[in-house]
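Reviewing the structure listed below.
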Amino acid sequence: QVQLVESGGGLVQPGGSLRLSCAASGSINAILTMAWYRQAPGKQRELVARISSSSTTTYADSVQGRFAISRGNAKNMVFLQMNSLKPEDTAVYYCMWDTIQRVYWGQGTQVTVSS
């Protein structure tokens, strides 16, 4: 079964940057939307950013101007560039691909912003 695999998480100081990547373990077709969600301890999972098949992007207000979502050239990867990170960005980050057939989720990657 095809899975999404995230990478790039870790520990970073406030003001620092990280770049998350998400790739599929096999072929996934007819992708409609790619997105990043995050879930902090004790909180609900929330949408961080998404990019449509036409490359239209949407961001949560809390990350607007600091984060950037992009697709890989072959459109089989999605990235999240995170700049000016804040302690409140600490969470498990998940990638999600919405296709005609089903929705795929990754297993999550931990991002911790702390001095």
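The values are calculated or read from the model by the stated rules, or taken from the named source; none is laboratory data. Just so we're clear, the structure is a prediction, and the values are computed from it rather than from any experiment. We place every Cβ from the backbone using ideal geometry, glycine too, and count neighbours over all the protein chains shown. Ligands, DNA and RNA are stripped out before the accessible areas are found, and what is left, the full protein with its side chains, is counted by its heavy atoms. Shrake-Rupley method; radii C 1.70, N 1.55, O 1.52, S 1.80 Å.
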Next on the checklist: Any residue that is part of a loop (DSSP other than H, G, I, E, B), modelled with pLDDT under 95 and more than 13 Å from the chain's Cα centre (by Cα) - is there at least one of those in the stretch 83-94?
Outcome noted: no
Checklist entry - Within the stretch 87-114, restricting attention to residues that are in contact (Cβ under 8 Å) with a residue 12 or more places away in the chain and out of contact with any strand residue (DSSP E or B) (no Cβ under 6 Å at 6 or more places or on another chain), which residue is nearest to Val48 (Cα to Cα)? => result Glu88
Next on the checklist: Against the definition (more than 17 Å from Thr112 (Cβ to Cβ), β-branched (Val, Ile, Thr) and either touching a Leu at 6+ places or on another chain (Cβ under 8 Å) or part of a loop (DSSP other than H, G, I, E, B) (or both)), how does Val2 come out, yes or no?
Outcome noted: yes
Checklist entry - If you check Glu46 against the conditions, is it modelled with pLDDT of 95 or more, open to solvent by 70 Å² or more (accessible area, probe 1.4 Å), closer than 20 Å to Ser17 by Cβ and of a type outside the set (Gly, Ala, Ser)? => result no
Item to check | Identity of the residue in the stretch 53-82, modelled with pLDDT under 95 and not hydrophobic (A, V, I, L, M, F, W, C), that ends up least open to solvent (accessible area, probe 1.4 Å) | outcome: Gly72
Item to check | Looking only at the stretch 2-43, and only at residues there that are at positive phi and touching a residue at least 12 places away in the same chain (Cβ under 8 Å), the one that is surrounded by the fewest Cβ atoms within 10 Å (Cβ to Cβ) | outcome: Ala30
Item to check | Of the criteria (1) under 22 Å from Ala23 (Cα atoms); (2) among the polar types (S, T, N, Q); (3) open to solvent by 60 Å² or more (accessible area, probe 1.4 Å), which one Ser115 fails | outcome: (1)
Next on the checklist: I'm trying to understand the selection: among the residues of the stretch 47-106, which are closer than 11 Å to Ile31 by Cβ and among the hydroxyl-bearing types (Ser, Thr, Tyr)?
Outcome noted: Ser52, Ser53, Thr99, Tyr104
